[in-house]
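S.K.: Let me give you the structure first, and then I'll get to my questions.
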Amino acid sequence: MLNLFRFRRNRKRQTNLRPKARKRQHRFEKQHQPQNPRSCHPRGPLGNLVFKFELKRIPGQPELAIREVKSKKFKTREGLCVDDITNGKEKIRISAVNTINDENPPSFNYITKIMYPDWYRPVPPTGCDCVGRCSDKRCKCAAKNGGEIPYNHNGAIVEAKPLVYECGPACKCPPSCYNRVTQHGMKIQLEIFKTETRGWGVRSLNSISSGSFICEYVGELLEDTEAEKRTGNDEYLFDIGQNYSDMGTGTGVGMDTGTDGFTIDAANYGNVGRFINHSCSPNLYAQNVLYDQEDKRMPHIMLFAAENIPPLQELTYHYNYAVDTVHDSDGNIKVKKCFCGSTECTGRLY
Ligand SMILES: C[S@@+](CC[C@H](N)C(=O)[O-])C[C@H]1O[C@@H](n2cnc3c(N)ncnc32)[C@H](O)[C@@H]1O
Ligand SMILES: [Zn+2]
Ligand SMILES: [Zn+2]
Ligand SMILES: [Zn+2]
C-alpha cells in the first residue's frame with residue numbers, strides 16, 4: 001500500500017516559521033527606531049560588519065502586547081502533526097492534530113470519489129428540463145423527492161429522507177441550482193484529532209449549523225460477498241443501499257433488491273469520512289443521495305449535521321450496528337465497547 005503521508009512535523013514548522021519571524025522582528029526594530037540611536041559596528045565571526053543599535057522607548061510609548069508581536073498567522077497549532085492529510089486532493093486542507101501522544105495518523109490512500117469496481121457501468125440518470133432555476137412545482141428532480149427540493153437556499157437539508165435526488169449531469173439547470181449541494185464537495189474546515197479512547201476522530205474548526213453538509217463517506221465500493229472476505233480489516237466498512245422499503249417515490253434500478261447489497265470499504269482508500277467515530281448521541285446523520293447514476297443499490301453516503309454544532313466538538317454519527325451480529329472469521333461474536341461518553345451510551349458499538 002502506498003503511503004501518502006510524509007510526516008515532517010519539526011522540519012516543516014521550522015522552515016515556515018523562521019524567515020517570517022525574522023522579518024517581523026526587523027519591522028519591530030524599525031517602529032522603535034531611537035531618535036538618537038547609539039550604535040556600534042563590531043565585526044562578526046565571518047569578518048563582516050554587524051550593525052548594533054540600542055533601542056529606546058519614546059516617552060509615553062505603550063508596550064507592545066506579545067500577541068501584537070506574534071502574528072496569529074505564524075502561530076502553530078499545538079499538536080499539529082500533518083498539515084494536510086489529503087495531500088492537496090481536497091479544496092480545503094485537513095490537518096491532523098495529536099495532543100495525546102506522538103503518534104501520526106495511520107497511512108491510507110486519500111481519494112475524493114468512490115472507487116467503483118471494474119465491472120460497474122453507471123446508469124446515467126434522466127435529468128430535469130429546468131433552464132433557469134429548479135423549483136418545487138415544475139422540476140422533475142423535485143418530483144422524485146416527493147415534489148420538493150430537499151435543500152433550502154443556504155444549502156442546508158430540510159429533513160432526513162430515505163433517499164435524496166440531486167440534479168445531475170443530464171439536468172439543464174446550472175451548477176448553482178440549489179438542488180445540487182453534496183456534489184460540490186466539502187465546504188467546512190475539518191481536522192482530524194487523536195482522542196483518548198476512540199482512535200482518531202473528526203471535528204470542525206468553525207461552528208456548523210444544523211442541516212449543513214459535512215462530507216461523503218468515500219472508499220472502495222464492494223459487493224457484500226467481497227466485503228465479507230475482508231473480516232480482518234472491517235473497521236471501515238459501511239453497508240449501503242438500505243432503508244428504501246418505506247419509499248414510494250422515484251425510479252431506477254436497485255429498488256427492493258433484497259439480496260445483492262453493497263458496502264463501502266474505506267480501510268485502504270478513503271477520505272476524511274473514514275475517521276468519523278460512532279456516538280450513541282450523534283450530531284451527524286448519514287443521508288443516501290443519488291445524482292450521477294441512478295442505481296439505488298449504491299447511493300452516495302452523505303453526512304449532514306443533525307443539530308447546531310459548536311467549534312471543535314467531535315463530529316459523530318450512529319453506526320447502527322446490531323449488537324451480537326458481527327462475527328470474526330471463525331464465526332465467533334465480536335464485541336466492541338463504546339466509548340462515546342454520552343449519558344445515553346448503550347455501552348457497545350456491536
Ligand atoms: C470508521 S473508524 C473511525 C475512525 C477511527 N477512530 C480511527 O482512528 O481510524 C471505526 C472504528 O473507530 C473506533 N470507534 C469509533 N467510534 C467509537 C466509539 N464510540 N467507541 C469506541 N471506539 C470507537 C472503533 O475501533 C471502530 O471500529
Ligand atoms: Zn436543478
Ligand atoms: Zn434536475
Ligand atoms: Zn456510546
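S.K.: Check every one of the strands (runs of 3 or more DSSP E) wholly within the stretch 136-242 and list those with 2 or more residues that are closer than 15 Å to Ala305 by Cα.
M.R.: The qualifying strands (runs of 3 or more DSSP E) are 200-204, 213-216.
S.K.: Select, from Ala322, Ala266, the only residue that is modelled with pLDDT under 95 and either on the phi < 0 side of the Ramachandran plot or over 24 Å from the mean Cα position of the chain (by Cα) (or both).
M.R.: After ruling out the rest, the residue left standing is Ala322.
S.K.: Sticking with this structure for a sec: Looking for something farther than 30 Å from Glu78 by Cβ and within 14 Å of ligand 3 (Cβ to nearest atom) - is there at least one such residue anywhere in the stretch 184-197? Let's see the steps before the verdict.
M.R.: So in the stretch 184-197, the residues farther than 30 Å from Glu78 by Cβ come out as 184.
Next cut, within 14 Å of ligand 3 (Cβ to nearest atom) only: none.
Taking every residue of the stretch 184-197 in turn, none turns out to be farther than 30 Å from Glu78 by Cβ and within 14 Å of ligand 3 (Cβ to nearest atom).
S.K.: Among (1) in contact (Cβ under 8 Å) with a residue 24 or more places away in the chain; (2) within 30 Å of Arg198 (Cα to Cα), where does Arg133 come up short?
M.R.: (2)
So that you can scan it fast, the table gives a plain yes or no per residue for (1) closer than 29 Å to Val164 by Cβ; (2) part of a loop (DSSP other than H, G, I, E, B); (3) not aromatic (Phe, Trp, Tyr):
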| site | (1), (2), (3) |
| --- | --- |
| Ile301 | yes, no, yes |
| Thr316 | yes, no, yes |
| Tyr319 | yes, yes, no |
| Asp330 | no, yes, yes |
| Phe339 | no, yes, no |
| Thr343 | no, yes, yes |
| Thr346 | yes, yes, yes |
| Tyr350 | yes, yes, no |
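S.K.: OK, next. Quickly run through the stretch 155-173 and pick out the residues that are in contact (Cβ under 8 Å) with a residue 24 or more places away in the chain and of a type outside the set (A, V, I, L, M).
M.R.: Of everything in the stretch 155-173, those that are in contact (Cβ under 8 Å) with a residue 24 or more places away in the chain and of a type outside the set (A, V, I, L, M) turn out to be Gly155, Lys161, Pro162, Tyr165, Glu166, Cys167, Gly168, Pro169, Cys171, Lys172, Cys173.
S.K.: If the requirement is being assigned to a loop (DSSP other than H, G, I, E, B), out of contact with any strand residue (DSSP E or B) (no Cβ under 9 Å at 6 or more places or on another chain), within 16 Å of ligand 3 (Cβ to nearest atom) and modelled with pLDDT under 95, which of these qualifies: Thr257, Thr251?
M.R.: The unique qualifying residue is Thr251.
S.K.: Select from the stretch 328-340 the residues that are free of Cβ contacts under 8 Å to residues at least 24 places away in the same chain and surrounded by 13 or more Cβ atoms within 10 Å (Cβ to Cβ) and write down the one among them that is farthest from ligand 2 (Cβ to nearest atom).
M.R.: Top of the filtered list is Lys334.
S.K.: If you don't mind, there's one more thing I want to ask. Which of the residues spanning the stretch 90-125 are of a type in the set (D, E, K, R) and surrounded by 15 or more Cβ atoms within 10 Å (Cβ to Cβ)? Working first, answer last.
M.R.: Residues of the stretch 90-125 that are of a type in the set (D, E, K, R), as a first pass: 90-91, 93, 102-103, 113, 118, 121.
Glu90, Arg93 - these are the residues of the stretch 90-125 that are of a type in the set (D, E, K, R) and surrounded by 15 or more Cβ atoms within 10 Å (Cβ to Cβ).
S.K.: If the Cβ limit is 8 Å and pairs must be 6+ apart or interchain, which residue in the stretch 221-247 that is assigned by TED's automatic domain parsing to the domain that holds Ala266 pairs with which residue that is within 16 Å of ligand 3 (Cβ to nearest atom) and at pLDDT 75 or above?
M.R.: Qualifying pairs under 8 Å: Tyr244/Leu163; Met247/Leu163.
S.K.: Could we say that Asn288 is within 19 Å of Glu159 (Cα to Cα), buried (at least 17 other Cβ atoms within 10 Å of the Cβ) and of a type in the set (S, T, N, Q) here? Steps first, please.
M.R.: Details: within 19 Å of Glu159 (Cα to Cα): yes; buried (at least 17 other Cβ atoms within 10 Å of the Cβ): yes; of a type in the set (S, T, N, Q): yes.
When the stated conditions are applied, Asn288 passes them.
S.K.: Another question about this same structure. Sort out which residues of the stretch 174-219 are out of contact with any strand residue (DSSP E or B) (no Cβ under 8 Å at 6 or more places or on another chain) and without any contact (Cβ under 8 Å) to a residue 60 or more places away in the chain, and write them in order of number.
M.R.: Pro174, Pro175, Ser176, Cys177, His184
The values are calculated or read from the model by the stated rules, or taken from the named source; none is laboratory data. Note that this is a predicted model, so its numbers are computed, not measured. We place every Cβ from the backbone using ideal geometry, glycine too, and count neighbours over all the protein chains shown.
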